[in-house]
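A.B. asks: Could you have a look at this structure, given as structure tokens, before my questions?
Where a number appears in this text, it was derived from the coordinates with a stated rule and is not lab data. Since we're looking at a predicted model, the values are computed, not measured. As a convention, Cβ positions derive from the backbone with ideal geometry for all residues, glycine included, and neighbour counts pool all protein chains shown.
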Amino acid sequence: MLTILFDGIAYGMVLFVLGCGLSVTMGLMNFVNLAHGAFAMLGGYVAVQAMQRLGVPFLASLPLAFLAAALVGIALERLIYRPMYAKSHLDQVMFSIGLVFMAVAGTDWLMGSGQQFIHLPGWLQGRFEIAGIGIGRYRLFVIAICGLLAFSLQWGFTRTRFGSRLRAAVDDARVARGLGIPVNRLFALTFALGCGLAGLGGALGIELMGLDPTFPLKFMIYFLIVVTVGGTSSITGPFFAAMLLGVADVVGKYLVPEIGAFIIYALMVALLITRPHGLFARART
Amino acid sequence: MTARSFESRVGHALYAGRRWHPAELAFWLLAFAAFVLLPSQLLLLNEIAILALFALSLDLILGYAGIVSLGHAAFLGMGAYAAGLFAKHVGGDPVAGLLAGMSAGAMLGLLTSPLVLRGSDLTRLMITLGVALIVYELANSLGWLTGGADGLQGVAMGPVLGLFDFDIFGRTAYLYSLSVLFVLFLVARRVVHSPFGLSLRAIRDNPLRAAASGVPNARRLAAAYTLAAAYAGAAGALLAQTTQFVSLDVLDFHRSADLMLVLIIGGAGYLYGGLVGAIVFKLLQDAIASFTPQYWMFWIGLFLVLFVLGGREIIHGVVKGVAGRLSAVRKGAVR
């Protein structure tokens, strides 16, 4: 039982890394980017290809995944995302779904539709037991990395100048701009960071959630739950949402496999019904 | 300007919108004439008619009531499964099956309407998406009823009205689907020009003001949502009956996304938007599928992106512009 919980936490950690970039971009520009999963997929494929084709070790492939996703993120933000900020949510949703479809079909064409696998180094394979709890080495590794990331993000968000500017811009972009904060540049940076984190999460998650061209569609709903439940104005909100989601999903799939993904969707609808306004539209005080 | 002449002008404007335009008559005559003119394309035409009905359904809530939805496939699938199961277990009469599909769609619409009426556009998008995913999962896991991933097989249809058997060329199928589309279109046309339809548009344009003028917003929106769900259910029923097969594909997310593209192409907020969009969409799909069958998804994504980047009312705007010029020419001739 505790082993399942442990797996759930690892899963939730990866979901957090995948989703936190989305929550910040959503809060900052009020932009609904359903294509976030495409960046995660990009990171995953970069990691896989780097390891298989170039023989890059696993640990070195992770920063590569981050960099690749971040660079593509910056380029896309500059080129095609900018004009979208002023449009309606419906436009943004359709635009990003279009991007997802292109990413899915494009990846299918380039890489084939099969599942991708990675070879973990020996010291990350297998599991050991502490007090009767089976702990997978890789899962522990994931939790350590993601926990570290969460802490440094939280620290950066609350303690640094960049973080305070970011929070000001999320709270009220117009006033922040009036105070001389370069909101657009801030946003481009944050977008790149979010995409990079998604790419890193995608690479870390290959072992846990698999990787194939339909990844962005399959996990779109998960990112959205993280964002809707967690809110967009902090790091801790999405963190707890991701934990809840990861544990609920893993436990649900272990204990009652026949209803499968059902729990997650029901959870999301229930949460949206009970908190219809407090999720996307933050209360203006 | 006295009050009476103002009222009569409003009345006249409303009447002008309700009147049948010659172009509309031509459109429907052409649609029925296609049966004779394009006898080799009837299967494609049948798909167009069904997609048009589905798009009409989304247009009712998106274009007229302003409710955004990413999960319209839920109702299509509901109608398809209901009609398929009806044919399998109750009887093969198509019209009865159609009614079963419509009522199943309407039931689901009525049940989910309280969820959809809450919150902002974004919450609605997520909730409709969530509902569609739940319905998909249900159909997937209730294998004993729906056949799960294998699809519902053994849907045997009787002749339409006891007279016309379905054939492999889609002759009966097209006329049947087109007739259903036409009848439902007439109903929709009546509805959107009724006081009910006007109140929907009032809610879409300014919910606060509509509520202040005494429109019961929530009830009207729920009614419109249910009606649209019934229409989507009808489209699903037609799909199940004319293909005599139902698979999980009818509930798939890409159905909802495709439908959005149809309405983007045709333009939302006027009844022909969905119909025109469906024709263009299917022809486009057919043309692209003939040279790259696998990567249709890529093209659909590209079209979505381009349309949104370029302004999604492009084609709609062109159609409106042409229509406006035509009517201006006609008025000039009358004077």
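A.B. asks: Can you list residues whose amide H is under 5 Å from B:L152's amide H, if they're 5+ apart or on another chain and H is modeled 1.01 Å from N?
C.D. replies: Placed amide hydrogens put B:V246, B:S247 under 5 Å from B:L152.
A.B. asks: Here's another thing I want to ask about it. Take the alpha-carbon centre of segment B:31-69, take the same for segment A:10-89, and report the distance between them in whole Å.
C.D. replies: 38
A.B. asks: Just how far, in whole angstrom, is segment A:202-248 from segment A:97-117 if you go by their alpha carbon centroids?
C.D. replies: For segment A:97-117 versus segment A:202-248, the Cα centre distance is 19 Å.
A.B. asks: Express in nm, to one decimal, how much length is gained between B:L302 and B:R19 on full extension, taking 0.36 nm for each residue of separation and deducting their alpha carbon distance.
C.D. replies: On the way: separation 283, 0.36 × 283 = 101.88 nm, distance 3.81 nm.
98.1 nm is the gain from fully extending B:L302 to B:R19.
A.B. asks: Let me ask another. Taking every residue in A:99-108, how many Cβ atoms of other protein chains lie within 10 Å of its Cβ, on average?
C.D. replies: Mean shielding count: 6.
A.B. asks: Other chains' Cβ within 10 Å of A:8-14 residues: what's the mean?
C.D. replies: Values: counts 0, 0, 0, 0, 0, 0, 0.
Mean shielding count: 0.
A.B. asks: Per-residue mean of other chain beta-carbon atoms within 10 angstrom of the beta-carbon, peptide B:249-262? List each step's numbers first, then the result.
C.D. replies: Working: counts 0, 0, 0, 1, 5, 4, 0, 1, 7, 0, 0, 5, 4, 0.
Mean inter-chain Cβ contacts per residue within 10 Å come to 2.
A.B. asks: How large is Rg/Rh for the protein assembly as shown, to two decimals, with Cα atoms and a Kirkwood Rh?
C.D. replies: Rounded to two decimals, Rg over Rh is 1.00.
A.B. asks: Over all directions, what mean area does the Cα convex hull of chain B project, stated in square nanometres?
C.D. replies: Values: hull surface 78.5 nm².
Average projection, Cα convex hull of chain B: 19.6 nm².
A.B. asks: Once both axes come from the Cα atoms, what is the angle between helix A:215-230 and the longest principal axis of chain A, in degrees from 0 to 90, rounded to 10?
C.D. replies: 60
A.B. asks: Give me the angle, in degrees from 0 to 90, between the Cα long axis of helix A:262-274 and the longest principal axis of the Cα atoms of chain A, rounded to the nearest 10.
C.D. replies: Roughly 30 degrees, rounded to the nearest 10.
A.B. asks: Oh, and also: Rounding to the nearest 10 and keeping the result within 0 to 90°, find how far the Cα-based axis of helix B:171-192 lies from the longest principal axis of chain B.
C.D. replies: 40
A.B. asks: Give the whole-number value, in cubic angstrom per residue, of the convex hull volume spanned by the C-alpha atoms of segment B:8-72. Walk me through the numbers before you get to the answer.
C.D. replies: Numbers: hull volume 5.6 nm³, N = 65.
Roughly 86 Å³ of hull volume per residue.
A.B. asks: From Cα pairs below 8 angstrom and at least 6 apart in sequence, can you work out the relative contact order of chain A, rounded to a whole percent? Spell out each step's value before the answer.
C.D. replies: Details: 432 pairs, mean separation 112.0, N = 285.
39 percent.
A.B. asks: Hey, got the dipole for segment B:39-252? About the Cα centre, +1 on K and R Cβ, -1 on D and E Cβ, debye to the nearest 20? Don't skip to the end; give the middle numbers.
C.D. replies: Values: 11 positive and 11 negative charges, 190 e Å.
Taking the Cα centre of segment B:39-252 as origin, the dipole is about 920 debye.
A.B. asks: Using the Cα atoms of segment B:30-186 to build a convex hull, what is its mean projected area in square nanometres? Write out the running numbers ahead of the final one.
C.D. replies: Working: hull surface 40.7 nm².
Here the figure is 10.2 nm², rounded to one decimal.
A.B. asks: Also, quick follow-up: Counting residues in segment B:218-306 as N, plug N into 2.2 N^0.38 Å and put the Cα Rg over that result. Don't skip to the answer; put the middle values down first.
C.D. replies: Details: Rg = 14.7 Å, N = 89, 2.2 N^0.38 = 12.1 Å.
Normalised Cα radius of gyration, segment B:218-306: 1.22.
A.B. asks: Another question about this same structure. Given the options B:L70, B:L44, B:L238, which has the most mean-square fluctuation in a GNM of chain B, springs set between C-alpha atoms less than 10 angstrom apart?
C.D. replies: Checking each option, the largest mean-square fluctuation is seen for B:L44.
A.B. asks: In addition: Which of B:L152, B:L30, B:L133 ends up with the largest GNM mean-square fluctuation for chain B, with Cα atoms connected below 10 Å?
C.D. replies: B:L30
A.B. asks: Quick one: in chain A, what % of C-alpha pairs are over 33 Å apart? Don't skip to the end; give the middle numbers.
C.D. replies: Working: 7850 of 40470 pairs.
Of the Cα pairs, 19 percent sit more than 33 Å apart.
A.B. asks: Now for a separate question. Over the Cα atoms of segment A:125-233, each weighted equally, I'd like the Debye log10 I(q)/I(0) at q = 0.09, 0.17, 0.21 Å⁻¹, rounded to two decimals.
C.D. replies: -0.35, -1.00, -1.24
A.B. asks: Of the listed peptides B:138-148, A:93-103, what is their order by residue-averaged count of other C-beta atoms within 10 Å, with the highest listed first? Could you put the intermediate results ahead of the total?
C.D. replies: On the way: B:138-148: 16.1, A:93-103: 25.5.
Output ranking for B:138-148, A:93-103: A:93-103, B:138-148.
A.B. asks: Highest mean first, how do A:9-16, A:243-250 rank when packing is the count of other Cβ atoms within 10 Å averaged over residues? Please report the intermediate quantities before stating the final value.
C.D. replies: Values: A:9-16: 26.0, A:243-250: 20.8.
The most tightly packed comes first, giving A:9-16, A:243-250.
A.B. asks: While we're looking at this one, here's another question. Under a 10 Å cutoff between Cα atoms, tell me which one of B:L25, B:L261, B:L117 has the largest fluctuation in the Gaussian network model of chain B.
C.D. replies: Evaluated over chain B, the most mobile residue of the options is B:L25.
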